[in-house]
Each structure stands twice: as structure tokens, then as C-alpha cells.
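Chemist: Quick one: this structure, given as C-alpha cells, is what I'll be asking you about.
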Amino acid sequence: MRILILCTGNSCRSQMAHGFLQSFDTMLDVHSAGTKASGKLSSRAVEVMKEAGVDISAHTSDSVEKYLGESWDYVITVCGGADESCPAFVGKVKHRLHIGFDDPSDAVGSSEYVKSEFIRVRDEIRAAFRFFYDAEIKPNN
């Protein structure tokens, strides 16, 4: 099963979702990309994912253009910007979904508060993608 997770910068939310889905089932072919890829991962995202037992430090931040023209079982956007500017995957995608989350990179305040926002969003992503996996992927594998 091939799954592409899209966000704008591909540095945080899409990377976390990618990491969680891959951790639920290593047989899944999961990729993530950005409509305006930053080219780097958020160090805070890597940190909070490691605390949750998922290592995303080897992931790369890639442009969605790398994946255009490929066939996908699911293309999932995780932020409003990517949902609105998601390129057309005409005829190549079986299912397109939007599962949106706040961008923890927008958090301002103390270091503790910013980290707590990354943890909150990480936990929301884990719960939503666990539900998606259990409801949509697992029964079809």
C-alpha cells in the first residue's frame, strides 16, 4: 500500500504522520512531501517524535514534484495550505483525504510552551493516524 502525506513545508506535521504510519506497519510504503518543501526537518519535531519512540531523523524534506506521476493508494494532506494547493494527481490516486492539524511551528512563547505545542500536535497526529490505520488500512491488508 502506497501512501503520500502532504504538508506545506514537509518539516513537521507530514513528517510526524509519516513516522507514525510507518511505525504502525513497516510493510506500508509511506512518503511525505511539501508543496513548498523547506528542505529540512524541524529539530523540535524530531525531538518530540524520538520521545514518542519514533525516529524520523533520517527523513528528508522533499518537494511534492518528486512524486507527481506516481500511483498512490492514499494522498493525505495534513495542513490547510497543502489541501488548497495540492497538485492534481489525476487518475493516479485511489483516495484523497484531508486530516488537518495546527502548525506547532507557529507557536510563540517560552521554550516549554513551544515544546508543549509540538507534543500536543504530535499526540493529535498519532491518534488521528492510528484511527485512520485501524479503520482504513488494517482491514484491507
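The values are calculated or read from the model by the stated rules, or taken from the named source; none is laboratory data. The shown structure was predicted, so the numbers you read here are calculated from the model rather than taken from an experiment. Positions of Cβ are backbone-derived with ideal geometry, glycine not excepted, and every protein chain shown enters the neighbour counts.
Chemist: Between a first residue in segment 112-132 that is in contact (Cβ under 8 Å) with a residue 24 or more places away in the chain and in a helix (DSSP H, G or I) and a second residue that is buried (at least 17 other Cβ atoms within 10 Å of the Cβ) and of a type in the set (Asp, Glu), which pairs have beta carbons less than 9 Å apart while being 6 or more apart in sequence or on different chains?
Modeler: Close Cβ pairs (under 9 Å, with a partner that is buried (at least 17 other Cβ atoms within 10 Å of the Cβ) and of a type in the set (Asp, Glu)) amount to Val121/Asp103.
Chemist: Collect the residues in segment 89-134 that are small (Gly, Ala, Ser) and closer than 28 Å to Leu68 by Cβ, keeping them in residue-number order.
Modeler: Hits for segment 89-134 are Gly91, Gly100, Ser105, Ala128.
Chemist: Look through segment 101-141, keep the residues that are of a type in the set (Gly, Ala, Ser) and surrounded by 16 or more Cβ atoms within 10 Å (Cβ to Cβ), and return whichever of them is nearest to the chain's Cα centre (by Cα).
Modeler: Keep residues of segment 101-141 that are of a type in the set (Gly, Ala, Ser), which gives 105, 107, 109-111, 116, 127-128, 135.
Adding the requirement that they be surrounded by 16 or more Cβ atoms within 10 Å (Cβ to Cβ) leaves 105, 107, 128.
Values: Ser105: 14, Ala107: 18, Ala128: 11 Å.
Among those residues, the one meeting the criterion is Ala128.
Chemist: For segment 39-51, which residues satisfy the criterion of being closer than 18 Å to Phe101 by Cα and not basic (Lys, Arg)?
Modeler: The first filter runs over segment 39-51 and keeps only residues closer than 18 Å to Phe101 by Cα, leaving 41-42, 44-46, 48-49.
Passing the criteria: Leu41, Ser42, Ala45, Val46, Val48, Met49.
Chemist: Turning to a different aspect of this structure: Taking only segment 1-20 into account, find how many residues are surrounded by 23 or more Cβ atoms within 10 Å (Cβ to Cβ) and outside any strand (DSSP E or B).
Modeler: 13
Chemist: For Gly53, only one of the following conditions fails: (1) touching a Ser or Thr at 6+ places or on another chain (Cβ under 8 Å); (2) exposed (fewer than 13 other Cβ atoms within 10 Å of the Cβ); (3) modelled with pLDDT under 95. What is its number?
Modeler: (3)
Chemist: Criterion first (at pLDDT below 90, part of a helix (DSSP H, G or I) and not basic (Lys, Arg)) does Glu47 satisfy it? Even if it seems obvious, please write down each step before you answer.
Modeler: Numbers: at pLDDT below 90: no; part of a helix (DSSP H, G or I): yes; not basic (Lys, Arg): yes.
Judged against the criteria, Glu47 is not a match.
Chemist: Residue by residue through segment 37-50, note down the ones that are of a type outside the set (Ser, Thr, Tyr) and touching a residue at least 60 places away in the same chain (Cβ under 8 Å).
Modeler: Correct list: Arg44, Ala45, Glu47, Val48, Met49.
Chemist: Can you pull out the residues in segment 21-40 that are over 11 Å from the mean Cα position of the chain (by Cα) and either within 21 Å of Ala127 (Cβ to Cβ) or crowded, with 21+ Cβ neighbours inside 10 Å (or both)?
Modeler: At the first step, the residues of segment 21-40 found to be over 11 Å from the mean Cα position of the chain (by Cα) are 23-29, 35-40.
Residues satisfying the conditions are Ser23, Phe24, Asp25, Thr26, Leu28, Thr35, Ala37.
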